[in-house]
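This report concerns only the one structure given below.
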Amino acid sequence: MSALPSCCCPFNGGLRCLLASGFVGWLGLGAVAADDGASLAVLDAADETLVEVPLEPGMRWCLGWNHSVKKFPVLDCYRYQEGRMVLERSHQPDFAAGLGHTLGRGVQVSDGQGGYWIEDIDEPVPGDRYTLRVGSPIVDHRLLWQAEGNEHRVSLSELAAGERVTLQLRKPEALSEPEDLSKPDDV
């Protein structure tokens, strides 16, 4: 089983939940308004685009990687919600070094397989962007998402191992700047 179904199925349940709830519907791709032109971009240190994923309102994606000591996959899952990048949940198969739940930040629930999800984090990412030092191919930092009924996976470690990248939302100007209604039209 790929990491994508686990990362993209809400709450506890893995593949069973995925099949029961309908993958496309949960991702918010079945009944959404037209594309608003936003995308998730991965930029290198020179601000060159390495990856760009078109986003629909409500769409989810995960950043996955293999724990450096235990080698199991860890997932941080995001949602494009109301024009923001929101950290929604995280999956951690163990309480290994650097992992764990912080009280007051989401709810820890069993994944039914010895690990746990941290649900309901629901934290907007400051500035809708963050920087990541991409791990080696063994760590395999990767983006996981679903679009048009297909699972997608891009290994950032294959593109930029050891490099600094920025994951950020790109939004059309109309979405990124609130309109000032106090100014007259002829100004």
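Annotations
- Subset of the range 44-61 (residues that are farther than 23 Å from Gln81 by Cα and exposed (fewer than 15 other Cβ atoms within 10 Å of the Cβ)): Ala45, Ala46, Asp47, Glu48
- The set of residues from the range 122-142 being open to solvent by 70 Å² or more (accessible area, probe 1.4 Å), in a loop (DSSP other than H, G, I, E, B) and over 13 Å from Ser157 (Cα atoms) comprises just one member, Asp122.
- When the residues of the range 143-187 are filtered to those that are in a loop (DSSP other than H, G, I, E, B) and open to solvent by less than 50 Å² (accessible area, probe 1.4 Å), the one that is modelled with the lowest pLDDT is Pro172.
- The range 62-79 - residue that is open to solvent by 20 Å² or more (accessible area, probe 1.4 Å) and assigned to a loop (DSSP other than H, G, I, E, B) and, of those, modelled with the highest pLDDT: Phe72
- Failed item in (1) closer than 25 Å to Asp44 by Cβ; (2) open to solvent by less than 90 Å² (accessible area, probe 1.4 Å); (3) at pLDDT below 95, with Leu99 passing the rest: (1)
The values are calculated or read from the model by the stated rules, or taken from the named source; none is laboratory data. Remember, predicted model here, so these are calculated numbers, not experimental data. Note: ideal-geometry Cβ built from the backbone for every residue, glycine included; neighbour counts use all protein chains shown. These accessible areas exclude ligands, DNA and RNA; they are computed on the full protein's heavy atoms, side chains included. Shrake-Rupley method; radii C 1.70, N 1.55, O 1.52, S 1.80 Å.
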